[in-house]
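Visitor: My questions all concern the structure below.
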Protein chains: 2
Amino acid sequence: MNKVILLKKRPKGRPSLDDFEFIEQKKPNPKEGEILLKTKYVSVDPYLRGRMRDEKSYIEPFEVGKPLESGIIAEVVESNNKNFEKGEFVNGMLQWKQFQTSNGNGLNKVDNEKAPLKAYLGILGLTGITAYLGLDKIGKPKKGETLLVSGAAGAVGSVAGQIGKIKGCRVVGIAGSEEKIDRIQEKFGFDAAINYKTTDDMQKAIAEACPDGVDVYFDNVGGEILDAALANINKYGRVINCGAISLYNKTEKPTGPRVETTLIKNSILMQGFTVRDFVKDFGPAQKQLAAWMEKDKLSYLETVVEGFESIPQAFIDLFDGKNKGKMIVVV
Amino acid sequence: MNKVILLKKRPKGRPSLDDFEFIEQKKPNPKEGEILLKTKYVSVDPYLRGRMRDEKSYIEPFEVGKPLESGIIAEVVESNNKNFEKGEFVNGMLQWKQFQTSNGNGLNKVDNEKAPLKAYLGILGLTGITAYLGLDKIGKPKKGETLLVSGAAGAVGSVAGQIGKIKGCRVVGIAGSEEKIDRIQEKFGFDAAINYKTTDDMQKAIAEACPDGVDVYFDNVGGEILDAALANINKYGRVINCGAISLYNKTEKPTGPRVETTLIKNSILMQGFTVRDFVKDFGPAQKQLAAWMEKDKLSYLETVVEGFESIPQAFIDLFDGKNKGKMIVVV
């Protein structure tokens, strides 16, 4: 049989297990030109929360009663497609099913001899590439500048900060526990770190950690931390709006200080970043990340959870910051 | 004697005549290397309100008890500087004085045979150049796109809209009276216009006037009109944050809907624009504007007020929208 996870209903606020439904289907048979895929590693990511809303966004929302999907590494277990061989591994946006068929469109083969398969969901996958391209396309950090990163212990933030160090920046991270702020300094080499959960005045804390102000802010959280970063931003500062996890579970339209006078006064650029806008740049980005990894310039952490049944809980745990680095479910 | 206008105190909210003080000084004598300038035309602009606050910004704030300054066309009435001759006209940031001396730094000569002198404060001056470079550097409107402009009957907005038409865009303007919305359609050739003072639901009105959504928003006003524009913005939209006149007189820190999720969902760029960041591009911009003027592709309006004593009131009147196009005081 073939277990499948559906979106049962659209979450209100924080997602809960009730929002998901497990069903069993017959294991599908690949037709001519198709392959049968067995799910091996499933990426769960905060942005999936956005797709659970019934709102226009950069990708279609999930439909209630239909399977969810995310980045998945799968094994080719049967092939009726000359481009794929049994035993190969592929990476792509796939459904939360133990088995599924595909015509191969949108799938990339991954080589488990070059890097561990899981790395293709993290440091060499969309999360690493997001950090790389967010900085390359919008942040453009220069040597001697200060890069501030929120969600700094997370899969994207930890890579963004390390790239900042490679580029010669002072790098300051914001995270939500003492363990995380130790980790981003000790393991990821950030120059300073702020625990926002034990800090009353974030604006002042950022000012102290960034004595020359903030030139580039890589924002994964939005909300009040963004406000505090903008209050410390330098002339010609750049804000990469990569994520806004602090707002994803809000049920009312969130408000805050208006940004336009700050943008005008300091010639600030704020730009929403979605890695899918830059598909043509994925290859070079992955190559650069792999080269840095080989030279031991990039570290990463994963939280690996076991079992297909654990996927919804692993996703929910992201909103409590229970992951260390990239959250991956091994099936 | 020589009349001078000082900042008497920092305005609270809307500026009033009490915030300004007239004094008389002795007419200065130019030293060796200096010229004596007689003020002819004075530009008053909304951005001066920002300099009246005691806040760090792109230029130093005005000091209480010191003369104010703005863009001024002056006549050289005496010259001890070999680069300037008596009878020439210059344009520059000069003080609100009937007479002042200068060593010539930062002054540009203007030719009253090529265009009326006043044009160098408006369409060929900082306001025209602001419209041109805001679109050229940030907005980048493409043929077939929709350009929305607020403050559309004003000195900057009316030029921005006309440039949008030259570039082949659908151009929609927002202004605050029936007369203004007639003018921007009839005189400036906008495709549609919205009177925000008689419109309850700006979001809906913009949706109706921009059936294909908004690709570029040239914002001179900020506040709720910016919110309504962002609610209609297309994927990859660009917002030029050029001005925020609706907020300049606010005494409390203004709040509004948070922007970060909108920016992320639609890959939106918002960027603060200050024309002084692009001084090296002024020459080519002025040349292009002059070429369009010569081909009758650009119209402009001026409101000309007479008398040195009228400068403060002319400035205050900007906040009531009493000007038609560029507000200029002729001395």
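The values are calculated or read from the model by the stated rules, or taken from the named source; none is laboratory data. Predicted model, so just to flag it, every value in this text is computed and none were measured. All Cβ positions, even for glycine, are placed from backbone atoms using ideal geometry, and neighbour counts span all protein chains on display.
Visitor: Give me the residue from the stretch A:105-141 that is assigned by TED's automatic domain parsing to the domain that holds A:Glu75 and among the charged types (D, E, K, R) and, out of that set, farthest from A:Asn83 (Cα to Cα).
Guide: Looking at the filtered set, the residue picked out is A:Lys118.
Visitor: Right, another one. If I go through the stretch B:70-99 residue by residue, how many of them are under 18 Å from B:Ile35 (Cα atoms), surrounded by 15 or more Cβ atoms within 10 Å (Cβ to Cβ) and within 24 Å of the chain's Cα centre (by Cα)?
Guide: 14
Visitor: Please enumerate the residues belonging to the stretch B:41-56 that are among the basic types (Lys, Arg) and in a loop (DSSP other than H, G, I, E, B). It would help to see each step written out before you state the result.
Guide: At the first step, the residues of the stretch B:41-56 found to be among the basic types (Lys, Arg) are B:49, B:51, B:53, B:56.
Selection gives B:Arg53, B:Lys56.
Visitor: In the stretch A:257-271, which residues are of a type outside the set (A, V, I, L, M) and in contact with a Phe, Trp or Tyr (Cβ under 9 Å, 6 or more places away or on another chain)?
Guide: If the condition is that a residue be of a type outside the set (A, V, I, L, M) and in contact with a Phe, Trp or Tyr (Cβ under 9 Å, 6 or more places away or on another chain), then A:Thr261, A:Lys265, A:Asn266, A:Ser267 are the ones that fit.
Visitor: Is it the case that A:Lys3 is at pLDDT 95 or above and either at negative phi or assigned by TED's automatic domain parsing to the domain that holds A:Asp111 (or both)?
Guide: Working: at pLDDT 95 or above: yes; either at negative phi or assigned by TED's automatic domain parsing to the domain that holds A:Asp111 (or both): yes.
Judged against the criteria, A:Lys3 is a match.
Visitor: Restricting attention to the stretch A:293-322, report how many residues are more than 15 Å from A:Tyr120 (Cβ to Cβ), among the hydrophobic types (A, V, I, L, M, F, W, C) and modelled with pLDDT under 95.
Guide: 3
Visitor: Can you report the number of residues in the stretch A:233-261 which are closer than 21 Å to B:Ser267 by Cβ, part of a strand (DSSP E or B) and of a type in the set (D, E, K, R)?
Guide: 1
Visitor: Counting only residues that are farther than 20 Å from B:Phe190 by Cβ and not charged (D, E, K, R), how many does the stretch B:289-331 have?
Guide: Residues that pass the stated criteria total 20.
Visitor: Within the stretch B:28-54, take every residue that is at pLDDT below 95 and among the basic types (Lys, Arg) and give me the one that is farthest from the chain's Cα centre (by Cα).
Guide: Per the stated criteria, the residue is B:Arg53.
Visitor: Still on this model: Pairs please, first residue from the stretch B:7-23 and part of a strand (DSSP E or B), second anywhere and small (Gly, Ala, Ser), Cβ atoms under 9 Å, 6+ apart in sequence or on different chains.
Guide: Listed by first residue and then by second, the contacts come to B:Leu7/B:Gly65; B:Glu21/B:Gly65.
Visitor: Give all pairs with beta carbons closer than 9 Å in which a residue from the stretch A:251-265 that is more than 15 Å from A:Gly222 (Cα to Cα) and more than 7 Å from chain B (Cβ to nearest Cβ) meets a residue that is in a helix (DSSP H, G or I) and modelled with pLDDT of 95 or more; count only pairs at least 6 apart in sequence or on separate chains.
Guide: A:Thr262/A:Leu230
Visitor: So, one more: Please specify each residue of the stretch A:270-284 satisfying the condition of being surrounded by 19 or more Cβ atoms within 10 Å (Cβ to Cβ), of a type outside the set (S, T, N, Q) and over 15 Å from the mean Cα position of the chain (by Cα).
Guide: The first filter runs over the stretch A:270-284 and keeps only residues surrounded by 19 or more Cβ atoms within 10 Å (Cβ to Cβ), leaving A:270-275.
Going one step further and asking which of them are of a type outside the set (S, T, N, Q), we end up with A:270, A:272-273, A:275.
Matches in the stretch A:270-284: A:Met270 only.
Visitor: In the stretch A:291-315, what count of residues is obtained for those that are out of contact with any strand residue (DSSP E or B) (no Cβ under 6 Å at 6 or more places or on another chain) and either among the polar types (S, T, N, Q) or buried (at least 17 other Cβ atoms within 10 Å of the Cβ) (or both)?
Guide: So the count comes out to 8.
Visitor: Further, regarding this structure: Against the definition (out of contact with any Ser or Thr (no Cβ under 6 Å at 6 or more places or on another chain) and at positive phi), how does A:Gly65 come out, yes or no?
Guide: It is true that A:Gly65 is out of contact with any Ser or Thr (no Cβ under 6 Å at 6 or more places or on another chain) and at positive phi.
Visitor: Another question, then. Being surrounded by 21 or more Cβ atoms within 10 Å (Cβ to Cβ), among the aliphatic types (A, V, I, L, M) and in contact with a helix residue (DSSP H, G or I) (Cβ under 6 Å, 6 or more places away or on another chain) is the filter here; which residues of the stretch B:237-265 pass it?
Guide: B:Ile240, B:Ala244
Visitor: Next question. What number of residues within the stretch A:106-125 satisfy the criterion of being outside any loop (DSSP other than H, G, I, E, B) and either without any contact (Cβ under 8 Å) to a residue 60 or more places away in the chain or in contact with a helix residue (DSSP H, G or I) (Cβ under 6 Å, 6 or more places away or on another chain) (or both)?
Guide: So the count comes out to 4.
Visitor: Given the conditions (1) more than 10 Å from chain B (Cβ to nearest Cβ); (2) more than 23 Å from A:Val171 (Cβ to Cβ); (3) touching a strand residue (DSSP E or B) at 6+ places or on another chain (Cβ under 7 Å); (4) among the hydrophobic types (A, V, I, L, M, F, W, C), and given that A:Phe218 satisfies all but one, which numbered condition is not satisfied?
Guide: (2)
Visitor: Then there's this: Consider B:Leu318 carefully, then state whether it is touching a residue at least 24 places away in the same chain (Cβ under 8 Å), surrounded by fewer than 20 Cβ atoms within 10 Å (Cβ to Cβ) and among the aliphatic types (A, V, I, L, M).
Guide: Answer is no for this residue.
Visitor: Let me ask something additional. For residues in the stretch A:24-40 being part of a strand (DSSP E or B) and touching a residue at least 60 places away in the same chain (Cβ under 8 Å), which is surrounded by the most Cβ atoms within 10 Å (Cβ to Cβ)? Quick ask: steps written out before the conclusion?
Guide: We begin by selecting, within the stretch A:24-40, every residue part of a strand (DSSP E or B); these are A:24-25, A:35-40.
With touching a residue at least 60 places away in the same chain (Cβ under 8 Å) added as a condition, the list becomes A:25, A:35-40.
On the way: A:Gln25: 14, A:Ile35: 25, A:Leu36: 21, A:Leu37: 30, A:Lys38: 17, A:Thr39: 23, A:Lys40: 17.
The extreme case among them is A:Leu37.
Visitor: Picking from B:Val279, B:Val275, which residue would you name as being at pLDDT below 95, within 11 Å of chain A (Cβ to nearest Cβ) and closer than 15 Å to B:Tyr132 by Cβ?
Guide: Result of the check over B:Val279, B:Val275: B:Val275.
Visitor: Could you figure out which of (1) hydrophobic (A, V, I, L, M, F, W, C); (2) assigned to a loop (DSSP other than H, G, I, E, B); (3) in contact with a strand residue (DSSP E or B) (Cβ under 8 Å, 6 or more places away or on another chain) isn't true of B:Ile59?
Guide: (3)
Visitor: Right, here's the next one. So if I check each of B:Ile311, B:Ile268, which one is β-branched (Val, Ile, Thr) and out of contact with any helix residue (DSSP H, G or I) (no Cβ under 8 Å at 6 or more places or on another chain)?
Guide: B:Ile311
Visitor: Assess whether B:Thr146 counts as being closer than 30 Å to B:Val64 by Cα, touching a residue at least 40 places away in the same chain (Cβ under 8 Å) and of a type in the set (Ser, Thr, Tyr). Write out each step before concluding.
Guide: Details: closer than 30 Å to B:Val64 by Cα: no; touching a residue at least 40 places away in the same chain (Cβ under 8 Å): yes; of a type in the set (Ser, Thr, Tyr): yes.
In short, no.
Visitor: If a residue must be over 29 Å from A:Glu60 (Cβ atoms) and at the interface with chain B (Cβ under 9 Å from one of its Cβ atoms), how many such residues does the stretch A:228-250 contain?
Guide: 2
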